[in-house]
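The values are calculated or read from the model by the stated rules, or taken from the named source; none is laboratory data. What you see is a predicted model; the values in this text were computed from it and never measured. Neighbour counts are summed over all protein chains in view; Cβ atoms, including those assigned to glycine, are modelled from backbone coordinates with ideal geometry. All accessible areas refer to the heavy atoms of the entire protein, side chains included, with ligands and DNA or RNA removed. Shrake-Rupley method; radii C 1.70, N 1.55, O 1.52, S 1.80 Å.
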Amino acid sequence: MLILDSIIAKKMRERIPARLDGDPAFRYPSPEKWGAKCLPFSFQSTYKLVGGRYFYGEAPYKAVVIFFHGMGAGRNAYSQEIAALAKQGYLVYAYDNSGCMESQGIVKHGIIQNLVDQENFFKWLDVDPMAKGYRRYAIGHSWGGNAALCALREQYHVDKVVSLAGFDHASVQAGAKMEKTLRGYFARRYKDLGKLDGLELMKNTDKKVLYISGDKDKVVDVDNNYFRFQKALKDKKNIEFYLVKGRYHQPYWTIDAQNYFLDLLKQGVTKSTLDHAVDIDYDRLQQDDPLVMQRVFDFFAS
């Protein structure tokens, strides 16, 4: 197994960037742009410092909401959604995973580093005076949607979870041929954290979960995730599913924002140079679907 694990670790280092610091072609404004107040916090994870922010409106708060970000950039890639939750009366915690944006470390040690950071975050949250006395909710997208499902662990004391296009285990994203091999590797390397499976956690919890996906999602494939989960959990009354028509990997965006983003990619915005500059209309790009966001607000408020 040592030889196999060494080969897998090498391949992962080759495929996963050392850091995920966003794309210089895009701006990543803070939730403060949308009226949320903020304060910094940090905690230790794997001997590195992980940085985050509290986002809030007027106290007292309805509950604590932890927002887990996806791959590519950190928490500020979800600034509008974080600010919207703060405006709903929640104290929102959002941090950058190790190797992302404002946090130290590197990502390519493993895609399950987000769950290592999560475990250390909750240990820190347990003694954070800001969170004392408040119920805990969790939400995340994609990589963060997986983390949101893993927040169902009993020791995290999270009462409600929203997963936006989340997968159950990182190995699933590698395809059927590699899934069993990678599950074994992650279990050996990360012990209990490497075995965490969002679907199994949903099967064994009475906590409320809302799973949202776009019907055209191919990044976290809708058939292999949304419909597989829905079939496996058909008798679980505490699990809700919401399929958003005409959406891809960001089901909380409007169709116009989604299509504009795809058009920017076709124009080569991520390859912008002085000789090839692509102008970006951020007001058009940063549009959340009010119906999808309201479904999230109603779920947390219920």
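Suppose we filter 54, 61 for residues that are hydroxyl-bearing (Ser, Thr, Tyr), assigned to a strand (DSSP E or B) and over 16 Å from the mean Cα position of the chain (by Cα); which single one remains?
The match here is 54.
I'm told residue 212 meets every condition in (1) modelled with pLDDT under 90; (2) under 19 Å from the mean Cα position of the chain (by Cα) except one. Can you identify the failing condition by its number?
(1)
Could you tell me how many of the residues in region 112-138 are in a helix (DSSP H, G or I), of a type in the set (A, V, I, L, M) and over 16 Å from the mean Cα position of the chain (by Cα)?
3
Residue 66 - would you say it is among the aliphatic types (A, V, I, L, M) and closer than 24 Å to residue 24 by Cα?
Spelling it out, it is not the case that residue 66 is among the aliphatic types (A, V, I, L, M) and closer than 24 Å to residue 24 by Cα.
Within region 226-249, restricting attention to residues that are open to solvent by 40 Å² or more (accessible area, probe 1.4 Å) and assigned to a helix (DSSP H, G or I), which residue is nearest to residue 201 (Cα to Cα)?
232
Tell me, which residue of region 161-182 that is open to solvent by 30 Å² or more (accessible area, probe 1.4 Å) and of a type in the set (A, V, I, L, M, F, W, C) is nearest to residue 228 (Cα to Cα)?
It comes out as 176.
Name the residue that is surrounded by the fewest Cβ atoms within 10 Å (Cβ to Cβ), counting only residues in region 18-27 that are over 26 Å from residue 119 (Cβ atoms) and not charged (D, E, K, R).
Only one residue tops the list, namely 24.
Does at least one position in region 146-160 carry a residue that is crowded, with 21+ Cβ neighbours inside 10 Å, without any contact (Cβ under 8 Å) to a residue 60 or more places away in the chain and within 19 Å of residue 42 (Cα to Cα)?
no
Identify, from the list 86, 9, 63, 36, the residue that is modelled with pLDDT under 95 and either surrounded by fewer than 18 Cβ atoms within 10 Å (Cβ to Cβ) or among the aliphatic types (A, V, I, L, M) (or both).
9
Would you mind finding the one in 190, 185 that is surrounded by 15 or more Cβ atoms within 10 Å (Cβ to Cβ) and in contact with a helix residue (DSSP H, G or I) (Cβ under 6 Å, 6 or more places away or on another chain)?
185
If residue 202 satisfies every condition in (1) in contact (Cβ under 8 Å) with a residue 60 or more places away in the chain; (2) part of a helix (DSSP H, G or I) but one, which is the exception?
With respect to (1) in contact (Cβ under 8 Å) with a residue 60 or more places away in the chain; (2) part of a helix (DSSP H, G or I), residue 202 is out only on (1).
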